[in-house]
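The values are calculated or read from the model by the stated rules, or taken from the named source; none is laboratory data. Since this is a predicted model, take the numbers as computed values, not measurements. Positions of Cβ are backbone-derived with ideal geometry, glycine not excepted, and every protein chain shown enters the neighbour counts.
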């Protein structure tokens, strides 16, 4: 399942996704932990990324900005729980939608034979916020980002 599987379960505030990678859990986790690696894959191909803050630990925080010809798009949040190679809980907020903070869970599953699966769940404050994200082109951006991650992982 090397394609992104994104769903929005009915009667929930959540979006859930799954994506497999031909890389170890250690490499996949490192690509989420190291800001120099995150900068190389997070977001669509037409965006450049600047990371202002990346304190990847329990109760650490992050802030980054994506830029292209359409403008600048800034995001921030807190890493609540970081369990190396296993699990991340973080918040996610887009400056363009203040007070709409998502709670995100990421699980890193070992599939054996040097393969891994990333599973995620993002809980939005309202169904309107969730549906706005889904209609914003988020799925395409996630797909491009994970395709870039696929290209990066063999180099780790």
If you scan segment 58-99, which residues turn out to be more than 19 Å from residue 17 (Cβ to Cβ) and outside any strand (DSSP E or B)?
58, 59, 69, 70, 84, 85, 95, 96, 97, 98, 99
Name the residues in segment 100-116 that are in contact with a helix residue (DSSP H, G or I) (Cβ under 6 Å, 6 or more places away or on another chain) and part of a strand (DSSP E or B), would you?
108, 110, 116
Please go through segment 122-137 and pick out each residue that is surrounded by fewer than 16 Cβ atoms within 10 Å (Cβ to Cβ) and either assigned to a helix (DSSP H, G or I) or in contact with a helix residue (DSSP H, G or I) (Cβ under 8 Å, 6 or more places away or on another chain) (or both).
127, 128, 131, 132, 134
Of (1) in contact with a helix residue (DSSP H, G or I) (Cβ under 7 Å, 6 or more places away or on another chain); (2) part of a strand (DSSP E or B), residue 43 satisfies all except one. Which?
(2)
Mind listing just one residue for me: the one in segment 91-121 that is at pLDDT 95 or above and on the phi > 0 side of the Ramachandran plot and, of those, surrounded by the most Cβ atoms within 10 Å (Cβ to Cβ)?
114
Output the number of residues of segment 1-32 satisfying the condition of being surrounded by fewer than 17 Cβ atoms within 10 Å (Cβ to Cβ), out of contact with any helix residue (DSSP H, G or I) (no Cβ under 9 Å at 6 or more places or on another chain), modelled with pLDDT of 95 or more and not in a strand (DSSP E or B).
1
